[in-house]
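Single-structure report; data block below.
The values are calculated or read from the model by the stated rules, or taken from the named source; none is laboratory data. Computed from a predicted structure; not experimentally measured. Because the Cβ atoms are built from the backbone with ideal geometry, glycine has one as well, and the counts that use them run over all protein chains shown.
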């Protein structure tokens, strides 16, 4: 058996992180479909949430659709772009993402 403090120290969440947590993102990362089950706070009904993720070093990072939209425009003018980063402002459903090309 283990002590609770030993388990707590070694605990790692399996929750998906956000792409904004990365200092840089290579443009050639493979995008995967992911989904998870959650309970809707308004209806108290179970629902499936679908999302796009990239995996870097064994960790999944969610990529919001607005990042794909902005990156498309950036790549039209700079098709040789290798890396970018994403900044976020706001909270919850009001979060806005800004894609920043890196040299």
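Here is how the numbers come out for the structure above:
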quantity: Complete set of residues in segment 82-94 that are surrounded by 13 or more Cβ atoms within 10 Å (Cβ to Cβ) and either at pLDDT below 95 or touching a helix residue (DSSP H, G or I) at 6+ places or on another chain (Cβ under 6 Å) (or both); calculated: 86, 88
quantity: Segment 12-40, residues that are free of Cβ contacts under 8 Å to residues at least 60 places away in the same chain and in a helix (DSSP H, G or I); calculated: 21
quantity: Residue within segment 20-28 that is surrounded by fewer than 10 Cβ atoms within 10 Å (Cβ to Cβ) and at negative phi present; calculated: yes
quantity: Search result, residues across segment 41-51 that are surrounded by 10 or more Cβ atoms within 10 Å (Cβ to Cβ) and within 26 Å of residue 89 (Cβ to Cβ); calculated: 49, 51
quantity: Which numbered condition residue 31 misses (of (1) surrounded by fewer than 13 Cβ atoms within 10 Å (Cβ to Cβ); (2) over 14 Å from the mean Cα position of the chain (by Cα); (3) modelled with pLDDT of 95 or more); calculated: (2)
quantity: Checklist (1) surrounded by 10 or more Cβ atoms within 10 Å (Cβ to Cβ); (2) modelled with pLDDT under 90 applied to residue 54, failing item; calculated: (2)
